[in-house]
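Student: Mind looking over this structure? Questions follow.
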Amino acid sequence: MMTIDDLYRDYPAVLPNRNEMRFLDGWTRVLEPLLRELSEAGNAYLVMAKEKFGEMRVLLSPPGDERFRDSVECLRLRSRFTCEHCGKPGRLRRRSDGWMFAACDEHSHGVEPLPLSASRCIRWEGTGGRWRTYEYDERDGQVTITGPAGDEQ
Ligand SMILES: [Zn+2]
């Protein structure tokens, strides 16, 4: 399994201090495509990546950079379907005390997955009535993006 340390070997210029990488190795591959994009862009980098409510959240510099919006939402969605422990296909789960996490069956500690309908879709809403929808297909792991024409600036 690819580890966070591997990311520091491959993308040192776009990564923050190690203690701003607050997630487990299973999500390394979820984050990697964004790091590749940041490296190619050249003038942007990751400020923080963390687990929150069972999904990966990232902060970038410059903040809210529209160029990376799709990648940021896609990784957030993919993380819900990737075991944070081992990187295998997983599902979003919620313990009885409300704690949410993404895990495969093996790392689920017996917690049942949430219904697919609760986790496979993210709707992004911007200013001026702009929106975009990201939908995860659990069969092939692809994310379909839909948004109104003329959304790009
Ligand atoms: Zn696992």
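Nothing in this text is a laboratory measurement; each read-out follows from the coordinates by a stated rule. The structure displayed is predicted, hence computed values, not measured ones. Glycine also receives a Cβ, built like all others from the backbone with ideal geometry; neighbour counts cover every protein chain displayed.
Student: Return the single residue from L60, L35, L114 with maximal mean-square fluctuation; model: Gaussian network over the chain, springs between Cα atoms under 10 Å.
Tutor: L114
Student: Suppose we keep just the DSSP beta bridges with both residues in the stretch 1-93; what percent of those would be antiparallel, to 5?
Tutor: Antiparallel: roughly 80 percent of the beta bridges in the stretch 1-93.
Student: Tell me, what HN-Hα J-couplings in whole Hz come from the Karplus equation 6.51 cos²θ - 1.76 cosθ + 1.60 at θ = phi - 60° for each residue of the stretch 98-106, using x for Gly and Pro?
Tutor: x, 4, 10, 7, 10, 8, 7, 4, 4
Student: Roughly how big is the stretch 4-115's charge dipole about its Cα centre, with Cβ charges of +1 (Lys, Arg) and -1 (Asp, Glu), in debye to the nearest 20?
Tutor: 280
Student: Pull out a ≥ b ≥ c, the square roots of the eigenvalues of the alpha-carbon gyration tensor of the chain, then state rounded if a/c is under 1.5, prolate if not and a/b is larger than b/c, and oblate in the remaining case.
Tutor: oblate
Student: Which one of S96, H85, M56 has its Cα pushed farthest toward the positive end of the charge dipole of the chain, where Lys and Arg give +1 and Asp and Glu give -1 at the Cβ?
Tutor: The one lying farthest along the dipole's positive direction is S96.
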